[in-house]
Amino acid sequence: DGGITQSPKYLFRKEGQNVTLSCEQNLNHDAMYWYRQDPGQGLRLIYYSQIVNDFQKGDIAEGYSVSREKKESFPLTVTSAQKNPTAFYLCASTMDSNTEAFFGQGTRLTVV
Amino acid sequence: QKEVEQNSGPLSVPEGAIASLNCTYSDRGSQSFFWYRQYSGKSPELIMSIYSNGDKEDGRFTAQLNKASQYVSLLIRDSQPSDSATYLCAVGRYKLSFGAGTTVTVRA
């Protein structure tokens, strides 16, 4: 089955701790994205990557970091610098920047 | 100015009526336009994609694009309770940007 897999589905972070959210796709898509969604809000772009070993900041990149060492993988690290990380995080991929996005099932991150 | 703006909701329509959703975008060079539906706690799912000016129909859904006015809309005909969800407009060029969404409630 082709698709995008995000893990874990639920994640709890202590204050001051870094956590990494996993995103893997087997669709052979070039572009991958990370979005954050707060309750009742739309999707805000954190980082995106159009090709391996290259990525760009989105609208709310502060406190986050990414890597794109493999075409299939685009992990997101939420660092301790992100002061309000509790949110629903969605990973998506597209064949290119002008085609439809396929989404993972999301990771719900909560600070405890 | 936000890159993608949607009409504020929530939008409440009676069953069987037409729901009309609007979206404007700021980048005149945008090349691709999408409507996604998102149920609470779930990932967005694609309803429609449109790339050229005019109308595109798929079942009860019609997307309309006007690049000169930088405007894209979605009509949902014969609205059903299962259409109750948040609808997200997305616009693509070098990246894919989303609007804040419009929540639609269909009253039985």
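The values are calculated or read from the model by the stated rules, or taken from the named source; none is laboratory data. Just so we're clear, the structure is a prediction, and the values are computed from it rather than from any experiment. FYI the Cβ positions are ideal-geometry reconstructions off the backbone, even for glycines, and counts take in every protein chain you see. Protein only, heavy atoms only, side chains kept; ligands, DNA and RNA dropped before computing areas. Shrake-Rupley method; radii C 1.70, N 1.55, O 1.52, S 1.80 Å.
Structure notes:
- For chain A, the share of accessible area belonging to carbon and sulfur comes to 47 percent (1.4 Å probe, ligands and nucleic acids excluded).
- Contact surface B-A: accessible area buried, both sides summed, square angstrom, 1.4 angstrom probe: 1600
- Average accessible surface for the range A:40-112: 45 Å² per residue, computed with a 1.4 Å probe over protein heavy atoms with every protein chain in place.
- Per residue, the accessible area of chain B comes to 47 Å² when a 1.4 Å probe rolls over the protein heavy atoms.
- Within chain A, longest stretch clear of exposed trypsin sites (Lys or Arg not before Pro) (DSSP loop, no more than 12 other Cβ within 10 Å): A:15-82
- Rounded percent of accessible protein surface that carbon and sulfur make up, chain B, 1.4 Å probe: 47
- Exposure rule at most 12 other beta-carbon atoms within 10 Å, DSSP loop GluC sites (Glu not before Pro): chain A longest free segment: A:16-61
- Between the beta carbons of A:Lys9 and A:Asp96, assuming R0 = 25 Å, the FRET efficiency works out to 0.30 to the nearest 0.05.
- Per the Debye calculation on the protein assembly as shown with a single equal scatterer at every Cα and no solvent contribution, log₁₀ I(q)/I(0) for q = 0.10, 0.11, 0.13 Å⁻¹ amounts to -0.44, -0.54, -0.74.
- With the gyration tensor restricted to C-alpha atoms of chain B, the semi-axes of the equivalent ellipsoid amount to 23, 15, 12 Å, longest first.
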